[in-house]
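Enquirer: Structure below; questions to follow.
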Amino acid sequence: MAQPVEAGPTPPSYPPKTPPPPKKPPNPPRPNPQDPPAPKPPTSQVMPTARRGVGMVNRRGANWSLESAPWAAGKARTAVVGQLGKWRYRLASDTVTAVEAVTTLLVEAAVADGGTKVSVHLSDQDGQACILALSHHTALTTGLDDAGGDVLHRITAHQPVTGCGTDTGPDGRRIWAVITL
């Protein structure tokens, strides 16, 4: 048979004591109304970001996703010129020819990268249009940027082009041109 436990000087307390909850962390300091607000980046320029070299923000835009095929350049050419017409740009015939040629060069370069699809992005601001072609080539290779040098020289040969560039990211190579309309 079990024998009773002798009562000691301090009997056990049930339930055991729990530690007090942690104190609430201090609140962050309140903003001082006398401090000037942080400067905002300008919205009228093409902004570089950490992930990609070009970003089209705070302006109207359109985009098209096309199969990476030789006929993609023709569809992109028609879509870009048509969208500029919807935005009420009255383009001279030499400007239309330049826009078509630049769009063709951009899309053909993206198709040559070997991705499964090509997306074309168009935006405008202050009488200029930015056309961007994205190759969606999933395998990152450092040689894609170097391969774009010849294409960039051919793009800048067209008169209304004011800038162009290329960069590579996790979603493929982006190659773009800015054209004065």
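The values are calculated or read from the model by the stated rules, or taken from the named source; none is laboratory data. Just so it is clear, the structure is predicted and the values come from calculations on it, not from any experiment. Positions of Cβ are backbone-derived with ideal geometry, glycine not excepted, and every protein chain shown enters the neighbour counts. Surface accessibility is based on the protein's heavy atoms, side chains included, excluding ligands, DNA and RNA. Shrake-Rupley method; radii C 1.70, N 1.55, O 1.52, S 1.80 Å.
Enquirer: Looking at region 93-114, which of its residues are under 15 Å from GLN128 (Cα atoms) and touching a residue at least 60 places away in the same chain (Cβ under 8 Å)?
Expert: Passing the criteria: THR95, ALA98, VAL99, VAL102.
Enquirer: Still on this model: Give all pairs with beta carbons closer than 6 Å in which a residue from region 76-92 that is among the charged types (D, E, K, R) meets a residue that is in a helix (DSSP H, G or I) and modelled with pLDDT of 90 or more; count only pairs at least 6 apart in sequence or on separate chains.
Expert: ARG77/GLU100; ARG77/THR103; ARG77/THR104
Enquirer: Just name the residue that is modelled with the lowest pLDDT out of those in region 57-74 that are of a type outside the set (S, T, N, Q), in a loop (DSSP other than H, G, I, E, B) and open to solvent by 60 Å² or more (accessible area, probe 1.4 Å).
Expert: Looking at the filtered set, the residue picked out is ARG60.
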